[in-house]
Each structure stands twice: as C-alpha cells, then as structure tokens.
Amino acid sequence: MHPVTVIFVIAVLVHLFVEAWLSRRQVASVLRHRADIPAGFESVISPQEHARAADYSAARQRLGNLEMIYDAGVVLALTLGGGIAALGTWSASVVGAGVWGGTAHMLAVFAVMSVLGLPFSIYRTFVLEQRFGFNRTGPRTFVADLLKGWLLGLILGGAVAAVVLWIMAGAGSSWWIAGWLAWLGVALLATWAWPRLIAPLFNRFTPLEDTSLRARIDALLARCDFHAKAVYVMDGSRRSAHGNAYFTGLGREKRIVFFDTLLSSLGPVQIESVLAHELAHFKLRHIPQRLAAGAAMSFIGFALLGWLSTQDWFYAALGVPSRSNSAALLLFLLVTPAFTWIVSPLLAAWSRRHEYEADAFAARHSDALALAEALVTLYKDNATTLTPDPIYSAFHDSHPPPAARIARLRELGAALATP
Ligand SMILES: [Zn+2]
C-alpha cells in the first residue's frame, strides 16, 4: 500500500475520532446542565425552555455525529473505493474526454454525493426540526428547493468546473495562478449575483414597511456614517422558525435583510442593536479581512493543487489509476478537508474576537442592554444551548459562549450608563 494511502486513512480516522470526542463532551455538558439555568438567565429563560434547548442541542449533535461518520464513508468510497475512477470511466464513455468530459465527471460525482446526502437532509427537516417545532417546510417546498438547488448546481457548478478545466488544459504548468484569479472572479460575481438573482429564487424579499422602525434604522445608519441601498424583510418563516438578520452586497450596493421571524420576536430598540452589531462587521472591516483571508487560503490551495496534479502518486494512492484534470480537482476537494480541519479552531477564535468587537461597537452606537436582551430572546427562540462544553466551543463555535457574551454586554451597558 502506498504511504500516502495510509496517511490519508489515518487523517480521516483521527478527524473522526477528535470530532466524536468533542461531540461527546458537548452532549455531556449540555445534558449535565439540563436542570440548571446559568446565573443571570433565570429571570428570562424558563426551566422548560432550558430543558428543551438541551434536548434539541443533544439531538442535533448526535445526528451530526452520525452524518459525519456516514460522510467519511462516502469520501472513502469515492476515493479509495474507486467511485471517482468509475464515474470518470462512465463520463468519458458518454461525453468523451477533454473539458466537457471532465465537467460531466465532476457533475456526476457531485450528483452522487448530493443524492447520498439526502436521507440526512430529509431526516433533519422532517423529523428533528419537526419534533422541536421549528420546521415549517412542507414536502412541496422541500422538493422545489431541492430541484432548484440541483438546477443551480448543474448550471453554476458546471460553468465553474468547465472554466477551471479549460484553464488547466490550456494555461501550461502555471495554470493554477490563472485558475486562482478566475476563482476570485467567480467569488466576486457570486457576491453580486446572490442577493439579486439567486436568493429571490428561494425567498420573497419585500422592502421594510414599518416606517417608525425604518426611521430608527436610518438614524442608526446616519450615526455610523453607513450607506445601505435598501432594507428588506425576508419570508424566512416559510421554512423555519429560526430567526436571523444579515447584510449582503458590495460597496454602495449593500442591503440589509431581516428575517420576518426576527422582526416578530424583537422590539424596535433590540432590532436596532442587532443591526448595529451586523453593521460593525463592515465598519470594523471584518468582512474585507475575511475575504482577504479566504483569497490567501485559496491561493495556497491552488498552488498545492497545481503541484499535486502533476504527481502520479496523488492519483494512484487515492484510488484513481489514470491521471485526469477532473480527477485532480475532485480528489483535492474530497481529500484536503481530512487535513485542513486542523486550522478550524484558529478560524473560530478569530471569528469570536470579531463578535466581541462588534458587540462593543453596538454598545457604543446603540444599546448594550438591548442587544443582550435581543440575544437572549434569539437563544431562547432558537433553543441554543447556554451551557456548551468549553473545549467544544473553543474548537467549533464562531460566536462566543452565551453566558460570557451576555456578561460582557451587561458590563458594557453598566459602564456606559455610569460615566
Ligand atoms: Zn456577528
């Protein structure tokens, strides 16, 4: 057996083991605190709500664990098990070689992965989310979303695959630099197209009609010297009871989007404070920093791929007997996550720091206590656990643990109230 095969299998197993260990810790921590609400939350969260959040978190964690093992099996079957090789032979016999054959190869592998992932997606929506009262997706919407997603994947995924394969075939040994530039172009195009063309396929966006809330938002934007093109309300309640708010778009074309579920559960001052937090991610340049980090990481990825795609062992050791550009891309996409997960705690820590900075910004320009109230309402409505395991949280959570985050906001609120 090739040493790289052994290294890959070990990496997959180590990853599974670490994730399973973290997940066990998380479930244990959540269930251990099922009956005791953390200090400072007793007046706002009932024992029933707290216990429900614990059960929901544990159920999600267990399902996620099972899915992770299943996914690892799928990846091993596609690589070492010969799935990528077999689909390559099939696409070559149907479409032929070259860019189109390669595109068909990649689409075939993605199609297989997406069909294999369906049972979990169905179970999550119609059993797990249903059991905890979050699901509002009917079978019709589910099927319509699935078909729209597949059609988009076919068109957009096919186009991106064809462009990258075309560059690989024609741009010589330094193709990966051109490939990376094309990738950046696609990412930029997607940021532009997402709010305009793609999101409206799945949800309805209507301008915010509440004039007093709109005036409050405009005052906040003026105070922070921020320009947004429009404020929209999205019918998130069509699919789920989970609430959220976000910004999309670039430059002067930014849009603010509120889920209708969020607007119905928060008061005006709380909504303003949530918006101030989201706005902080732009004002404090978190978004450009993340984009730059993403560009740097994809540069490293393309450089690595440029080198790997010329190495015979890369194919042979990972279950593909004959070299092809599409196989190189597929192997790279499926195999690298077995190694790159190691940096996820760093990214999570970086994100948590941004969250604290955005909270402090919201405290200065809006209202710290209102933001704390809003977050508690969102934790309650989304059945977020208030008692995560510290190691699990440090490893995975992009947001600070609720107790620490709320305590920090209450301190900020108290400090700002007494000058
Ligand atoms: Zn944030």
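Miscellaneous remarks
- ³J(HN,Hα), Karplus 6.51/-1.76/1.60, whole Hz, each residue of region 297-308, x for Gly, Pro: 5, 6, 4, 4, x, 5, 4, 4, 5, x, 6, 4
- Here the spin labels are modelled as points 7 Å beyond Cα on the Cα-Cβ line, and at residue 174 and residue 394 they lie 4.3 nm apart.
- Angle in degrees between helix 175-193 and the longest Cα principal axis of the chain, rounded to the nearest 10: 40
- Solvent-accessible area per residue for region 351-408 (1.4 angstrom probe, square angstrom): 37
- Remark: region 316-328, residue by residue, has Karplus-estimated 3J(HN,Hα) of 4, 6, 10, x, 10, x, 10, 5, 7, 5, 5, 5, 4 Hz, where x stands for each Gly or Pro and the curve is 6.51 cos²θ - 1.76 cosθ + 1.60 at θ = phi - 60°.
- The chain, helix-only ellipticity at 222 nm - DSSP H runs n ≥ 4, -39,500 (n - 2.57), divided by all residues, nearest 500: -22500 deg cm²/dmol
- Inter-label distance for residue 192 and residue 159, nm, one decimal - labels placed 7 Å from Cα along Cα-to-Cβ: 1.1
- Length available on full extension from residue 7 to residue 211: 0.36 nm per residue minus the Cα-Cα distance, which gives 67.4 nm.
- Gaussian network model of the chain, Cα within-10 Å springs - most flexible of 247, 339, 314: 339
- For region 219-337: accessible area per residue (Å², 1.4 Å): 42
- Model label points for residue 230 and residue 404, set 7 angstrom from Cα along the Cα-to-Cβ axis, are 4.0 nm apart.
- Proximal lysines to residue 283, defined as alpha-carbon separation beneath 21 angstrom and excluding residues fewer than eight positions away on the same chain: 229, 254
- Among 322, 57, 398, the largest mean-square fluctuation in a Gaussian network model of the chain, built with springs joining Cα atoms closer than 10 Å, belongs to 322.
- Rolling a 1.4 Å probe over the heavy atoms of the protein chains gives region 156-195 an accessible area of 55 Å² per residue.
- Springs join every pair of Cα atoms under 10 Å in this Gaussian network model of the chain, and among 51, 372, 199 the largest mean-square fluctuation is at 199.
- Placed amide H near residue 240: partners under 5 Å, 5+ positions off or other chain: 136
- Rg and Dmax of region 243-322, Cα atoms only, in Å: 21.3, 62
- For the chain, the longest principal axis of the alpha carbon atoms and the long axis of helix 3-32 meet at an angle near 20°.
- Paramagnetic reach from residue 90 (point 7 Å along Cα→Cβ, amide N under 17 Å) across region 328-344: 330-331
- Förster radius 35 Å - calculated FRET efficiency between residue 346 and residue 222, Cβ distance, rounded to 0.05: 0.40
- Applying 1/(1 + (r/R0)^6) with r as the Cβ-Cβ distance of residue 307 and residue 144 and R0 = 51 angstrom yields a FRET efficiency of 0.75.
- DSSP bridge pairs, the chain: antiparallel proportion in percent, nearest 5: 60
- Crossing angle, helix 98-123 versus the chain [Cα axis fit, 0-90 degrees, rounded to tens]: 40
- Within the accessible area of the chain (1.4 Å probe), percent carbon and sulfur: 67
The values are calculated or read from the model by the stated rules, or taken from the named source; none is laboratory data. In this text, all values refer to a predicted model and were calculated from it rather than measured experimentally. FYI the Cβ positions are ideal-geometry reconstructions off the backbone, even for glycines, and counts take in every protein chain you see. Heavy atoms of the whole protein, side chains included, go into the accessibility calculation; ligands, DNA and RNA do not. Shrake-Rupley method; radii C 1.70, N 1.55, O 1.52, S 1.80 Å.
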